[in-house]
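*Asks:* Sharing a structure, written as C-alpha cells. Questions coming.
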Amino acid sequence: MLTAIRTQLSRRLAEATRIFPITVSFGSVNSSINLPGCMSHKSIPVQLAQSKHLPSDLVLLSVGIEDADDLLEDLEQALEVAPGSVPVPAAVAG
C-alpha cells in the first residue's frame, strides 16, 4: 500500500510542475520530468523490476537551459501542492 501511495505522490508531483513537461528525455535543451515506473519501465516484468530494485515511484528530472530560479520555484510549488491530493492512511501518517 505504501508503494502505491508513493507512486501516486510521484505522479502528482510531476503533474503539478508547470515548466517540466512529462516526457521521456532525449537530451533536449528544455527541462522535462519523467516517471520511469509509469513509462519506460512499465513493460518490465514485476519480478525482474523487483530483482533489479527499480522503484515504481522514481522521478527523473532532466534540467535544461531555463532560468535556474524559475526551475527551483516550479519544483518548490509542485512539492507543496502534490502531497495535498494524496490520501495518507492514518497508520502511515503516524
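Since every read-out is calculated from the coordinates, none of them should be taken as a lab result. Small disclaimer: the values here were computed from a predicted structure and weren't measured. In this analysis, Cβ positions are derived from the backbone assuming ideal geometry, glycine residues included, and neighbour counts consider all displayed protein chains.
*Asks:* Inspect all residues belonging to segment 19-39 and state whether any of them is touching a Ser or Thr at 6+ places or on another chain (Cβ under 6 Å), under 15 Å from Ala78 (Cα atoms) and surrounded by fewer than 16 Cβ atoms within 10 Å (Cβ to Cβ).
*Replies:* Yes, some residue in segment 19-39 is touching a Ser or Thr at 6+ places or on another chain (Cβ under 6 Å), under 15 Å from Ala78 (Cα atoms) and surrounded by fewer than 16 Cβ atoms within 10 Å (Cβ to Cβ).
*Asks:* Looking only at segment 60-78, how many residues end up being assigned to a helix (DSSP H, G or I) and either aromatic (Phe, Trp, Tyr) or surrounded by 13 or more Cβ atoms within 10 Å (Cβ to Cβ) (or both)?
*Replies:* 6
*Asks:* Does Asp57 satisfy the criteria of being surrounded by 12 or more Cβ atoms within 10 Å (Cβ to Cβ), in contact (Cβ under 8 Å) with a residue 24 or more places away in the chain, in a helix (DSSP H, G or I) and not hydrophobic (A, V, I, L, M, F, W, C)?
*Replies:* No, not satisfied.
*Asks:* Looking at Val81 and the list (1) in a helix (DSSP H, G or I); (2) at positive phi, which single condition is not satisfied?
*Replies:* So Val81 meets the others, but not (2).
*Asks:* Can I ask one more? Counting only residues that are in contact (Cβ under 8 Å) with a residue 24 or more places away in the chain and over 13 Å from the mean Cα position of the chain (by Cα), how many does segment 28-54 have?
*Replies:* Residues of segment 28-54 that are in contact (Cβ under 8 Å) with a residue 24 or more places away in the chain, as a first pass: 28-38.
Imposing the further condition that a residue be over 13 Å from the mean Cα position of the chain (by Cα) reduces the set to 28-31.
Going through segment 28-54 one residue at a time, the tally reaches 4.
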